[in-house]
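Report on the structure given below.
The values are calculated or read from the model by the stated rules, or taken from the named source; none is laboratory data. If you're wondering where the values come from, they're calculated on a predicted model, not measured in any experiment. Positions of Cβ are generated from backbone atoms using ideal geometry, with glycine treated the same way; all protein chains shown enter the neighbour counts. Accessible surface is based on the protein model in full, side chains and every heavy atom, while ligands, DNA and RNA are left aside. Shrake-Rupley method; radii C 1.70, N 1.55, O 1.52, S 1.80 Å.
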Amino acid sequence: MFTHLFRYRFLSLVRNKEVTFWNILFPLVLGTMFFFGFGRFVNEEETIDEISMAVVEVNESQTAIFSELMKQLEDSDSLFQFEVLAKENAETELEEGTVDAIIVLEETPSLIIKENGITSSIVKNFLDQYIRKQAMIEEAVLSGNVSNIEQIISEISQSQDVVNEKVLGKGNTNTYAQYFYALIAMCCLFASFQGAGCVNDIQANMNVLAARKGVSPVSKMTMVIPEALAAVSIQSITVTVLIFYLKYVLKLELGEKTGLMILTGILAGTFGISLGFLIGCIKKDFDTKIGILTAVSMLMCFFSGLMIVTIKGFLEQHAPFINRINPATLITECFYYLNAYDDYSKYITNMSILGILTIGCFGVSIMLLKGARYESI
Amino acid sequence: MSNNVVRVENLVKRYKELIAVDHFNLEIKEGEVFGLLGPNGSGKSTTLHCILSLLKYDKGTIEVFGEKMTENSYHLKKDIGVIMQNVAVFEELTVYQNIDYFCGLYITDKKKRKQYVEEAIQFVGLEDYKKFLPKKLSGGLLRRLNIACGIAHKPKLLIFDEPTVAVDPQSRNKILEGILELNRQGATVIYTSHYMEEVEQICSRIAIMDKGKSIALGTKEELKQMIKNSETVCVEKVECNDEVIGKIKNLKYVYDVVYAEKELKVCFSGGNHNVIHVLDLLQKEDVPFGRVYTELPTLNDVFLELTGKELRD
Ligand SMILES: Nc1ncnc2c1ncn2[C@@H]1O[C@H](COP(=O)(O)OP(=O)(O)OP(=O)(O)O)[C@@H](O)[C@H]1O
Ligand SMILES: [Mg+2]
């Protein structure tokens, strides 16, 4: 029975035009479009060897701390070159292009840049780090604990080196790779439509085929498990093809750990299917279910920062638990962690949460499905 | 232990305000071809769905093969074949695969299944279409596929819900003959339709449904005896005056005479030589007339008399 049901579900999914389009072709097409849009940056070999910054000193205590940092960084042959200037001069230099950015050392240091690009994002990143650690530095200054200050400053400058390395081509965590991670995540969430289809096709009040199956001597559970696995298999093949396509056809540098990326994709796809299961159990017509599903996955993607990048950081500050359980965030982060860190602990945490969510969705759906009889067909 | 294959007692099914099935009773014996006849919306499909435990119902008991039928009565469902009113096949699977899929839900033995599927294909005459996808089949062929999917596993009880909608007369006859053949092979059949000719042609017993109620039950002869009319004599192109019509009304067994547009219809409630009596009288009165024919009552007349409306839409 298992192979019988699996085989035919698999066959009808593969032959279903909508499934083939949305689950297989669409991500490939979108990936290709991304590639021609900005994919070339992902592989950009060109490195930036120097970023020159004008420093405008306004606030005294800021100046004191920052000059320490400047010294450290200039010694450690980092990218950054600093030049202390008066505000007007700095602005003319920025205008002429002799400096890439201006740091104004007010009470809260601020940044003036001319245009957005890799350079400015590095500078932004650097200043953000600095501001975040600033409280610690001030504390150390007040308590006169010089060794502490040194340590913090060297932490900033070191992490800066790591970031530089990553952003400038050697590593894989540049902004552009993020788009492709998000693409893979989206592809996995699309699998939810298949999950909803599976569940829909065993609810007799949903369509004639389901009613027809409902009068056969096969229980809903016996029916739904092989069908769900067929959907999982298709999704796994899809995500593997997508990852191979991005890595080996478009030759994007998305990281070395292909095997683990595929594993992540498979788990993510299985989650997508389980989400579809859950929403498929809602007592509404199929179009409504698909509507809800689209809205839910869009919302997840939105909170993961697919549309507005800063949203994730905002949530991290105000409602961090959303980031911990938002599947779209979890999935993109998994890819990011795989390639940004050698340490697997964060990756494993995220994968586990995703796994628990998957089991949860399946579990609740099974409870909802069991023993349902229908008021009307 | 009775030999009732299906027993329905006091079934009530409501859709919100609407009572779709209203205290319905039914007993189907082994080996019967049982007809459920009723106009659109009379509750035929709803009744079948309740029997199959697809639908919740408000009241009543339903037994199949002598056991209470529930959602989880898989051992009972194993012996039932259902042909739904709406075609239920997979768009993505071929004719052969569709039949094999449904057959496989009942028959796990592969060799046996293969044989059964081939037999079902032959039965509905789809040999030349095995590799076709449903969307390439015409409406009638699609109906035949729908039937094949329901009968392939050789069930003991077959339930057909208007299987011949949109099927041309030739294929329809083939299907009806096929159903009788399945019955000869031992299957008990429930057949619903709003075509009285079909039901008359194949069913040994018939229940007539209207507005969720069973309004008459019996063999077609029994049903026809339930009504007053036994024969209607029609005379065309005839010129009658009121006097002649009065005389006709006085003939034995006549209970109604309709004369309109030079056509005379005389309704009898019995008697054996009614035509002769009418013609004798017309000749005696020197009334010229054209074609003469007599009509025996149909199930439509039964329906008309019992409900006051036509069975046909
Ligand atoms: N899902 C539903 N919700 C509400 N009312 C329904 C539903 N299904 C059927 N009905 C109503 O119940 C009544 C019986 O419908 P049913 O389908 O059983 O009739 P039927 O005899 O099979 O008719 P047909 O010959 O058209 O198939 C109809 O009045 C119909 O409008
Ligand atoms: Mg019906």
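Is one or more of the residues making up the range B:119-136 surrounded by 16 or more Cβ atoms within 10 Å (Cβ to Cβ), over 21 Å from residue A:218 (Cα atoms), more than 10 Å from every other protein chain (Cβ to nearest Cβ) and of a type in the set (Ser, Thr, Tyr)?
yes
Out of all the residues in the range B:234-249, is one or more away from ligand 1 (no atom under 16 Å from the Cβ), part of a strand (DSSP E or B), loosely packed, with under 12 Cβ neighbours inside 10 Å and more than 14 Å from chain A (Cβ to nearest Cβ)?
no
Across the range B:93-125, which residue is nearest to residue B:62 (Cα to Cα) among those that are in contact with a Pro (Cβ under 9 Å, 6 or more places away or on another chain) and of a type outside the set (Phe, Trp, Tyr)?
Here is the first cut: in the range B:93-125, the residues in contact with a Pro (Cβ under 9 Å, 6 or more places away or on another chain) are B:93-95, B:98, B:105-106.
Add one more test, that the residue is of a type outside the set (Phe, Trp, Tyr), and what stays is B:93-95, B:98, B:105.
Numbers: B:93: 35, B:94: 36, B:95: 34, B:98: 30, B:105: 24 Å.
Here the residue is B:105.
Is it true that residue B:178 is assigned to a loop (DSSP other than H, G, I, E, B) and either open to solvent by 80 Å² or more (accessible area, probe 1.4 Å) or assigned by TED's automatic domain parsing to the domain that holds residue B:50 (or both)? It would help to see each step written out before you state the result.
On the way: assigned to a loop (DSSP other than H, G, I, E, B): no; either open to solvent by 80 Å² or more (accessible area, probe 1.4 Å) or assigned by TED's automatic domain parsing to the domain that holds residue B:50 (or both): yes.
So residue B:178 fails the test.
Return yes when residue B:210 is away from ligand 1 (no atom under 16 Å from the Cβ), touching a Gly at 6+ places or on another chain (Cβ under 9 Å) and assigned by TED's automatic domain parsing to the domain that holds residue B:20 and no when it is not.
It is false that residue B:210 is away from ligand 1 (no atom under 16 Å from the Cβ), touching a Gly at 6+ places or on another chain (Cβ under 9 Å) and assigned by TED's automatic domain parsing to the domain that holds residue B:20.
Restrict the check to the range A:206-213 and report whether at least one residue is among the basic types (Lys, Arg), farther than 19 Å from residue A:370 by Cβ and over 34 Å from the mean Cα position of the chain (by Cα). Steps first, please.
Residues of the range A:206-213 among the basic types (Lys, Arg): A:212-213.
Checking which are farther than 19 Å from residue A:370 by Cβ leaves us with A:212.
Okay, now just the ones that are also over 34 Å from the mean Cα position of the chain (by Cα), so A:212.
Looking for residues that are among the basic types (Lys, Arg), farther than 19 Å from residue A:370 by Cβ and over 34 Å from the mean Cα position of the chain (by Cα), one finds at least one in the range A:206-213, hence yes.
Taking the conditions exactly as written (of a type outside the set (S, T, N, Q), crowded, with 18+ Cβ neighbours inside 10 Å and either away from ligand 1 (no atom under 16 Å from the Cβ) or within 8 Å of chain A (Cβ to nearest Cβ) (or both)), does residue B:105 satisfy them or not?
yes
Looking at (1) closer than 20 Å to residue B:158 by Cβ; (2) within 14 Å of ligand 1 (Cβ to nearest atom), which is the one condition that is false for residue B:15?
For residue B:15, the exception is condition (1).
Could you give every pair whose Cβ atoms fall below 7 Å, whose first residue belongs to the range B:32-45 and is within 14 Å of another protein chain (Cβ to nearest Cβ), and whose second residue is open to solvent by 10 Å² or more (accessible area, probe 1.4 Å) and within 9 Å of ligand 2 (Cβ to nearest atom), counting only separations of at least 6 or pairs across chains?
B:45/B:85
What is the one condition in (1) open to solvent by less than 20 Å² (accessible area, probe 1.4 Å); (2) hydrophobic (A, V, I, L, M, F, W, C); (3) within 17 Å of residue B:215 (Cα to Cα) that residue B:19 does not satisfy?
If we test residue B:19 against (1) open to solvent by less than 20 Å² (accessible area, probe 1.4 Å); (2) hydrophobic (A, V, I, L, M, F, W, C); (3) within 17 Å of residue B:215 (Cα to Cα), just (1) comes out false.
Can you tell me which residues in the range A:203-224 are open to solvent by less than 10 Å² (accessible area, probe 1.4 Å) and more than 9 Å from chain B (Cβ to nearest Cβ)?
Hit for the range A:203-224 is A:224, nothing else.
Counting just the residues of the range B:115-155 that are assigned to a helix (DSSP H, G or I) and among the basic types (Lys, Arg), which one comes out nearest to residue B:182 (Cα to Cα)? Explain how you work it out, then say what you get.
The initial filter retains those residues of the range B:115-155 that are assigned to a helix (DSSP H, G or I), namely B:115-124, B:127-129, B:134-136, B:139-151.
Then keep just the ones that are among the basic types (Lys, Arg); that gives B:135-136, B:143-144.
Numbers: B:135: 28, B:136: 28, B:143: 17, B:144: 15 Å.
Per the stated criteria, the residue is B:144.
Can you tell me which residue among B:49, B:75 is at the interface with chain A (Cβ under 9 Å from one of its Cβ atoms) and either within 16 Å of ligand 2 (Cβ to nearest atom) or of a type in the set (A, V, I, L, M) (or both)?
B:49
Determine whether residue B:159 is touching a Phe, Trp or Tyr at 6+ places or on another chain (Cβ under 7 Å), within 18 Å of residue A:217 (Cα to Cα), aliphatic (A, V, I, L, M) and not in a helix (DSSP H, G or I).
no
In the range A:251-278, what residues are closer than 17 Å to residue A:333 by Cβ, in contact (Cβ under 8 Å) with a residue 60 or more places away in the chain and β-branched (Val, Ile, Thr)?
The one that is closer than 17 Å to residue A:333 by Cβ, in contact (Cβ under 8 Å) with a residue 60 or more places away in the chain and β-branched (Val, Ile, Thr): A:264.
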